Every structure is written in structure tokens, then in C-alpha cells.
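Q: This is the structure, below, for whatever I ask next.
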Amino acid sequence: MVGLIGKKIGMTQVFDAKGEVIPVTVIQAGPCTVVQSKNAVTDGYAAVQLGFGEKKAQRATKAYKNHCLRAGKGVFATLREFPPDSANQLAVGQQISVGDVFKPGDIVSAWQDSMATSALLRRIFEWWQCGRKRTSCWSAVPFQAHAMVW
């Protein structure tokens with residue numbers, strides 16, 4: 001197993017031996033639950049699907065809810081696939097924590113999935129009316145921009 005799913009909690013700082021400040025990102029990584037184990041025979045590729053976080057069951061579709069409930073731990077907010085480790089065979093419903101994947105001193109590569117960018121841009125466009133001009137059948141110049149060029 002080469003990965004875990006986590007959530008950014010915040011930022012803090014630590015001091016090294018020389019007394020210099022090092023900025024640190026605090027991440028809640030795990031515990032993750034194995035939701036599905038995929039193999040090359042049935043799915044065409046090998047992967048392990050992990051679930052992290054909680055989600056209200058009423059806000060999930062019936063197919064998503066039933067898929068998550070097969071692991072026996074509830075509905076997950078996030079599902080991600082990772083390549084499997086040949087040494088470990090993980091069972092559906094098994095909990096994976098940070099100590100199972102990483103050792104002290106390991107170099108960790110983090111990846112961010114942010115959903116705020118598109119929502120922010122949409123609000124900017126709505127606020128400043130950056131979209132096309134309103135059109136109707138009697139409009140003289142239907143695609144004219146709001147700003148005028150002199």
C-alpha cells in the first residue's frame with residue numbers, strides 16, 4: 001500500500017535544533033477503510049479502493065451508499081484508489097492507519113484536491129457580471145461585451 005487519504009486540519013510551526021521556525025501543515029491522515037479490492041481478472045487492473053471521512057447517508061445516492069456499506073463502516077465522504085502492495089493482501093472492511101503505511105523518516109508526497117477554485121471563479125463572474133451581455137430578439141448587438149473600447 002502506498003497511500004492514505006487525509007484532510008488538512010491547519011497550519012502550525014515547529015522549531016528545529018538551531019531554533020529556526022519551520023512551517024508545518026497538519027493533516028489528519030486516516031484511519032481509512034478498504035471498501036473494494038480490484039484485481040486484474042474481474043476489473044482489468046489491480047487496485048485497492050479506500051474510504052475516508054463520514055457522509056450523511058441521506059445525501060448519498062443509493063448505489064454509492066450500498067457500495068460503501070459493503071465495507072460495514074458507513075458511508076464515506078471520499079473514495080480513492082491506490083495501487084496494491086504485493087506483500088499485503090487487504091480484506092474489505094479492514095482499517096488502515098498511518099503506522100501501517102509509513103515509518104518515521106519516510107519522505108511523503110502529498111496531493112491536493114481542491115473544489116473551491118471553480119466555486120470562487122463562478123462567484124466572481126456573477127458578482128462582476130463578466131459573462132455575456134443579456135440577449136433578446138430585439139437586441140442590436142447581442143454579443144457585445146460590457147466594457148467599451150475607445
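Each reported figure results from applying straightforward, stated rules to the coordinates on display, with no laboratory input. Since this is a predicted model, take the numbers as computed values, not measurements. Here the Cβ positions follow ideal geometry from the backbone for every residue, glycine too, while neighbour counts run over all protein chains shown.
Q: What FRET efficiency would be calculated for the residue pair ILE124, ALA63, taking the C-beta separation as r and a Förster radius of 30 Å, to the nearest 0.05?
A: 0.30
Q: In what sequence do SER97, SER37 fall when counting other Cβ within 10 Å, fewest first?
A: By the 10 Å Cβ count, ascending: SER97, SER37.
Q: With Kirkwood's inverse mean 1/r over C-alpha pairs for Rh, give me the Rg to Rh ratio of the stretch 6-107, two decimals please. Provide the component values of the computation, followed by the final result.
A: Details: Rg = 17.1 Å, Rh = 15.8 Å.
Across the stretch 6-107, the Cα-based Rg/Rh ratio is 1.09.
Q: What is the gain in length, in nm to one decimal, between THR78 and MET11 on full extension, counting 0.36 nm per residue of separation less the C-alpha to C-alpha distance?
A: 21.9 nm
Q: Karplus couplings for the stretch 24-37 from phi (6.51 cos²θ - 1.76 cosθ + 1.60, θ = phi - 60°), rounded to Hz, Gly and Pro as x?
A: 9, 9, 9, 10, 8, 9, x, x, 9, 10, 6, 8, 8, 10
Q: Okay, moving on. Given contacts defined as C-alpha pairs under 8 Å and at least six residues apart, what's the relative contact order of the stretch 23-86, whole-number percent?
A: Reported as a whole number, the value is 34 percent.
Q: How much length is gained on full extension from ASP106 to GLU54, taking 0.36 nm per residue of separation minus their Cα-Cα distance?
A: Details: separation 52, 0.36 × 52 = 18.72 nm, distance 2.81 nm.
Full extension of this stretch gives 15.9 nm more.
Q: Select from CYS32, GLY6, VAL75 the residue farthest towards the positive end of the dipole of the stretch 6-107; place +1 on Cβ of Lys and Arg, -1 on Cβ of Asp and Glu, and compute about the Cα centre.
A: Farthest towards the positive pole: VAL75.
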